[in-house]
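Peer 1: I'd like to ask some things about the structure below.
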């Protein structure tokens, strides 16, 4: 007999409650945690059916129920099926959104350079506020696992974990339950040594896998070269200003503009992790860390795409730049960036 929707909901509630408490689960508890609006007697009847079908067990007479291996298997297979689909959906969304974002950022710097007659730059957004959404482990070979980690902002990391010895499906199942039960929904900054040690003890002989997954979680939010993408425009505007048009000065500035890594480092220094700090900042001469810009002013603004995704816009010009015009342009474009991608989370 297939499980109808009511039995599926009750079974899921039993398993989730048992994972949280470690205690047999009674009908009264289930009636409080589901939206079925069923009496305890009706839930008891459904639980009796689930027990007869082998999905739950009653360890003691008059006690609540606990999941059987068959119940765990159904729960995890459904969980993995849902997560597989979610991973596919996220990948498609990220590809679409990344393409759209790249085009828009390139357009932003062109508009800024054109409207101000200065050089402009913008960093691709990186994550600044992180909560773990879910972890999915699946076997690739007997001695190899694929860990898929998804964090807030729909950042996704795939990591192959090499094992010292083979692992069976039941062990993968238990590790999926352990990791998701302990970590999902928690800010990454709150995943501490005590939590990791506890999970490793629970994982027993597979404690190495817990450490590898935690490493993958950390790598998911660690900026790499692709995350540090910087888009620029208007470098030739430098030649408009006599104090910057000197051959050596202009050459050094153009060279700096071509060094995206150095620009990313500079703009990274200007980006404040304070979520409220998205205002405009002005750096004059030696106030920037880049020596070739000692004769310049740099005006920056942080932008926020939601879900902790933030980046920085910058305009570089002579110290005698038209600050009022620059600030007006930055305010306008910052507001547009903040609103476009926050629109219903699209």
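Read-outs throughout are calculated quantities, based only on the coordinates presented, and are distinct from any laboratory measurement. Quick caveat, the model's predicted, so the values are computed rather than measured. Please note: Cβ atoms are built from the backbone with ideal geometry, for glycine as well, and neighbour counts cover all protein chains shown.
Peer 1: Measure off 7 Å from each Cα along the Cα-to-Cβ vector at residue 111 and residue 160, then give the distance between these two points in nanometres to one decimal.
Peer 2: Roughly 4.4 nm, to one decimal.
Peer 1: Between residue 245 and residue 328, 0.36 nm times their residue separation minus their Cα-Cα distance comes to what?
Peer 2: Length gained between residue 245 and residue 328: 27.3 nm.
Peer 1: Report the residues of the range 5-31 in range of a label on residue 53: point 7 Å along Cα→C-beta, backbone N strictly under 20 Å from it.
Peer 2: Hits in the range 5-31 for residue 53 at 20 Å: 5-19, 25-31.
Peer 1: Also: In nm, to one decimal, how far is the modelled label at residue 336 from the one at residue 39, with both set 7 Å along Cα→Cβ?
Peer 2: The answer from the label model is 6.4 nm.
Peer 1: Oh, and also: Assuming R0 = 51 Å, can you tell me the calculated FRET efficiency for the pair residue 205 and residue 295, based on Cβ-Cβ distance, to the nearest 0.05?
Peer 2: Values: r = 63 Å, r/R0 = 1.24.
The pair residue 205/residue 295 has a calculated efficiency of 0.20.
Peer 1: Let me ask something else about it. Applying 1/(1 + (r/R0)^6) with R0 = 45 Å to the Cβ-Cβ distance of residue 320 and residue 104, what FRET efficiency is obtained, to the nearest 0.05?
Peer 2: 0.90
Peer 1: I'd like to compare 135-142, 176-183: which one has the highest average count of other Cβ atoms within 10 Å, and what's the full order after that? Walk me through the intermediate numbers first.
Peer 2: On the way: 135-142: 16.2, 176-183: 19.6.
Put in order of decreasing packing, that is 176-183, 135-142.
Peer 1: Going highest first, how would you order 237-248, 201-212, 4-15 by mean Cβ packing within 10 Å?
Peer 2: 4-15, 201-212, 237-248
Peer 1: Obtain the nm distance between the two label points defined at residue 82 and residue 63 by a simple spin-label model: each point lies 7 Å from its Cα along the Cα-to-C-beta direction.
Peer 2: 2.8 nm
Peer 1: What FRET efficiency comes out for the pair residue 23/residue 287, r = Cβ-Cβ distance, R0 = 35 Å, nearest 0.05? Could you put the intermediate results ahead of the total?
Peer 2: On the way: r = 61 Å, r/R0 = 1.73.
The computed FRET efficiency comes out at 0.05.
Peer 1: How much length is gained if the chain between residue 258 and residue 2 is pulled fully straight, taking 0.36 nm per residue apart and subtracting their Cα-Cα distance, in nm to one decimal?
Peer 2: Full extension from residue 258 to residue 2 adds 85.9 nm.
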